[in-house]
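Report on the structure given below.
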Ligand code: ADP
């Protein structure tokens, strides 16, 4: 039987899981437990064509994981008979020292806890997920795979903030970059799709989901990325602002009487498309624009403006790009965003084919015109598979 890896992505009130075969890339099962700790918790498992659901209070993350296993049992499956060899954990921030896939022991867990201030919204739930999963599945190796890993190799010119260098060194302040698992996976998939060695290609990858980031990649190595110390920098996102003048923060603190946590919550959860239009789903935003909603229109224009700005910046940094690839929820599904991001760039060698762009085809596909020197691709990301494969490199 093929080996399988259980990949966990633990959020503050949710636990996503997927069981994969790293060698074939097959996903055997996936599910989510949501609203953990509330009265109306829910747990879903999809195994093959069966979907099993359980509603009702799930007190904490440990109960969530045990409920997921109960659902496997209800589906007539036992994890120990499915070739499970490791548990992979998505961890957002690895700080300066943790970037390779790392088998978690108590010392690593302590190091992860120390990183909480660098990613206060993301790392603590991941640490909790690892702690709970080690308790529930003590006999298996647990591997932390970091969102920052791929961008550890950013050149210093791209990773360094132009601030007081002693302060930066003391507090580990640099541009780390995030969504690295996705950028690395998608750039390799793009090379495979084009039948070209990864080392031969300049690439721009646009990961546009609720969180959004772009990267410039030369010969498989990252040259720049839009996210920084935290996943807040760069592109406009579902609820995050992306780039703002850092002066806004001190201005709000001084004049609006907002504390640091209020400002952080505002920038993370009440900004981006939500902050401008009260909505993060691009399908609904487009409907609202069509019915004349000016807030939705402005939000969309700000989003596209920022995206084009980074595409231009990355073209300048790379000199030229062989391929531009769109991925994640918006990138994979929203033909209008792809069109508006790249329209008018023919003189820079990028030309989209409207018909291919609008085709409802799924899967990896080419959407550039025949005469476009730059290939434009849509490639579904698969962070869970990349995490599962990363686990096998260290166990
Ligand atoms: P996350 O960052 O949470 O993983 P996803 O990559 O799943 O996010 O992206 C989710 C977003 O993708 C949704 O909020 C929505 O805006 C967008 N999206 C999903 N499906 C479509 C679609 N068919 N058309 C346009 N946008 C879509």
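Structure notes:
- When residues in the range 250-294 are screened for being assigned to a helix (DSSP H, G or I) and either under 18 Å from residue 119 (Cα atoms) or within 13 Å of the ligand (Cβ to nearest atom) (or both), 22 of them pass.
- Test result for residue 376, farther than 17 Å from residue 179 by Cα and within 13 Å of the ligand (Cβ to nearest atom): no
- Residues considered: 343, 393. Of these, the only one that is without any contact (Cβ under 8 Å) to a residue 12 or more places away in the chain and exposed (fewer than 15 other Cβ atoms within 10 Å of the Cβ) is 343.
- Residue satisfying all of: in the range 306-351; out of contact with any strand residue (DSSP E or B) (no Cβ under 9 Å at 6 or more places or on another chain) and not in a helix (DSSP H, G or I); nearest to the ligand (Cβ to nearest atom) among these: 344
- Residue 109 being out of contact with any strand residue (DSSP E or B) (no Cβ under 8 Å at 6 or more places or on another chain), free of Cβ contacts under 8 Å to residues at least 60 places away in the same chain and under 27 Å from residue 212 (Cβ atoms): no
- Residue within the range 193-205 that is closer than 28 Å to residue 270 by Cα and at pLDDT 95 or above present: yes
- Scanning the range 352-370 for residues that are part of a loop (DSSP other than H, G, I, E, B) and surrounded by fewer than 16 Cβ atoms within 10 Å (Cβ to Cβ), we see that the one that is modelled with the highest pLDDT is 370.
The values are calculated or read from the model by the stated rules, or taken from the named source; none is laboratory data. On a predicted model such as this, the values are computed, not experimentally measured, just so you know. A quick note on method: Cβ atoms are made from the backbone with ideal geometry, for glycine too, and the neighbour counts reach across all protein chains shown.
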